[in-house]
1. Just give me the residues in region 1-23 being over 14 Å from the mean Cα position of the chain (by Cα), surrounded by fewer than 12 Cβ atoms within 10 Å (Cβ to Cβ) and either of a type in the set (D, E, K, R) or under 17 Å from Thr68 (Cβ atoms) (or both), in sequence order.
2. Give me a count of the residues in region 24-42 that are of a type in the set (Asp, Glu), surrounded by 13 or more Cβ atoms within 10 Å (Cβ to Cβ) and touching a Lys or Arg at 6+ places or on another chain (Cβ under 8 Å).
3. Could you identify the single residue in Leu59, Leu20 that is in contact (Cβ under 8 Å) with a residue 40 or more places away in the chain and more than 18 Å from Phe5 (Cβ to Cβ)?
Amino acid sequence: MNANFLEYEFNRYNKNLESLLKNEGRFALVKGDEDIEIFDTYNDALKAGYEKYGIEPFLVHKISRIETIVNFTRSLNIPSCQA
């Protein structure tokens, strides 16, 4: 997978953060150069992203002055590696 996965969307979010802060606490849906959409909940933003983009990458990010680092992936049934 490309090391720059969603880098463009994250940079767009950061570039627009000042104007997005009027919606602080809500969630931004960012995909390429399309308009950034705002949702009240993470689930609403995620649902809209999957409806619009399917399995193509898109970013859902909580709008906040303080960056919270959260790392997760889709639930995949991958056998664990055992030594």
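1. Lys15, Glu18, Lys22
2. 0
3. Leu20
Read-outs: derived from the displayed coordinates by stated rules, not from any lab. As the structure is a prediction and not an experimental result, all values here were calculated from the model. Backbone-built Cβ (ideal geometry, glycine too); neighbour counts: all protein chains shown.
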